[in-house]
Amino acid sequence: MDVMPMETDALHRKQSSYNSWDETFAIGKEMYRGQQFSQIYFARLHLMRTLLHSLLPTWKPHFPACTVLELVEGKDCIIVGTLFKHMKLKPTILHEYSKERSAGPLVQPHNFMHSDDYLILEDESGRVRLRGAFILPSKYVTGIVVALHGKDTGEGDFLVEDILEAGIPHQIERPRTLGEDKFVVFVSGLSIGSSSVNPLHLQLFEQAVAAKIVQIVVVGNSVEIPRVLLSGQNLGSRDHSKLSEPIKELDIVLTQIVAGVPLDIMPGTKDPANFSLPQQPLHGCLFPGSRAYNTFRSCPNPHCFELDNVRSELLCFGCILQNLMYSFFTNISFFVFFLDCAGCYPFTDRDPFFIETCPHVYFIGNQAKYETSLIKGPEGQVVRLVSIPKFAETATAVVLNMRNLECHTLSFGAKFDSW
């Protein structure tokens, strides 16, 4: 009896060309020798001032540009500098010390905004306080470089009458030949080792790797180590086991994924990586199983890469809102205020957070909820902004279609009624 051969349709995973642009975030052999953060501020000011001065002839061609030291009372002019936001409620080390010495508990503010906040503009020559209803402190943060039109009031203030921001940088045109759907999955805040993690959600995520998915990006805070083990005290053998167990479990999960699809992993604030930005890639020794595959890549934070000439810029950081994401783009910087409220390596020769080319996709991880929006620039730039929720709390990942930049959530939540 002859057996008829059966025709089967083999499933072939879609492929995409991958290029990494993370060289600018590498600290490399640089060493800290007591350098201050002023140098990275001046590097940013030099880059941004050159750009803003090139825009002045089409913005305010009839007004002269000068430095803060060259201001003349009552004379209209344009000054370019870095904004500094003076915040009355901003935490300082002296306040923390006074709280420890205080007999009674102090009231904790729910935010650090105050009606007495004000803005200062500074350049290499000096600084001047800004006044006027045109520039409100509540709409700006420290680190933004702007051009201001106004006049010196004679009282040590500068009355702002107009403002020019750098705007969205040039964007490389997206390829028009992407005729098929290719998906990238972003997941953030796995928090393996936390009591709030549901193992079922992780298993469902591992099994949801479809044939059209060409890349998975794990956007930080993948493990959560009990803080009692990080107190600096000597640990016993049992505590050492608890310390390494979340990382071993993460490696098992990633190994199962990278066996079928390329994966990038970024460090977060709770991961075993350096504290200051840019965070360097997680060491390969943490992933003995995953690093055996060439589909596994350990990447820095921030992370910049291209898939089929579609560029994505990623930042893993908590408590960043959508309106601030838009502010980053209009001021051509990943993280304009990191020196003021977050750790950063004091680079001396460059500002690695300066965005020279506008990305097509911009993500921020470890957010409270999923949000997305599409912004368009004056030169036809189109950028998809997405905040990725914490997977441990929401059991939700984000899926991006590279063909049209549309995105949606992939939820693995399951609720069971009690018997």
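The figures follow:
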item	result
Residue in region 29-38 that is charged (D, E, K, R), within 26 Å of residue 143 (Cβ to Cβ) and modelled with pLDDT under 80 present	yes
Positions within region 377-405 being among the small types (Gly, Ala, Ser) and open to solvent by 10 Å² or more (accessible area, probe 1.4 Å), in sequence order	377, 380, 392
Output for region 343-359, where each listed residue is open to solvent by 30 Å² or more (accessible area, probe 1.4 Å), among the β-branched types (Val, Ile, Thr) and more than 10 Å from residue 40 (Cβ to Cβ)	357
Residues located in region 357-371, provided they are under 29 Å from residue 51 (Cα atoms) and polar (S, T, N, Q)	357
Residues satisfying the stated conditions in region 255-271, i.e. within 19 Å of residue 388 (Cα to Cα) and either charged (D, E, K, R) or open to solvent by less than 40 Å² (accessible area, probe 1.4 Å) (or both)	263, 264, 265, 266, 267, 268, 270, 271
Test: residue in region 45-53 that is β-branched (Val, Ile, Thr) and surrounded by 17 or more Cβ atoms within 10 Å (Cβ to Cβ)	no
Residue satisfying all of: in region 18-44; out of contact with any Gly (no Cβ under 8 Å at 6 or more places or on another chain) and of a type in the set (D, E, K, R); least open to solvent (accessible area, probe 1.4 Å) among these	22
Residue within region 362-371 that is more than 24 Å from residue 19 (Cα to Cα), open to solvent by 20 Å² or more (accessible area, probe 1.4 Å), in a strand (DSSP E or B) and in contact with a helix residue (DSSP H, G or I) (Cβ under 6 Å, 6 or more places away or on another chain) present	yes
Subset of region 158-191 [of a type in the set (A, V, I, L, M, F, W, C) and open to solvent by 50 Å² or more (accessible area, probe 1.4 Å)]	159, 172
Residue satisfying all of: in region 17-75; closer than 24 Å to residue 304 by Cα and assigned to a strand (DSSP E or B); nearest to the chain's Cα centre (by Cα) among these	20
First in region 235-254 and in a helix (DSSP H, G or I), second anywhere and surrounded by fewer than 18 Cβ atoms within 10 Å (Cβ to Cβ) and modelled with pLDDT of 90 or more, Cβ under 7 Å, 6 or more apart	251/288; 251/289; 252/289
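The values are calculated or read from the model by the stated rules, or taken from the named source; none is laboratory data. The model shown is predicted, which means the values in this text are computed figures rather than measured ones. All Cβ positions, glycine included, derive from the backbone under ideal geometry; neighbour counts span all protein chains shown. Quick note on the areas: whole protein, heavy atoms, side chains included, nothing else; ligands and nucleic acids left out. Shrake-Rupley method; radii C 1.70, N 1.55, O 1.52, S 1.80 Å.
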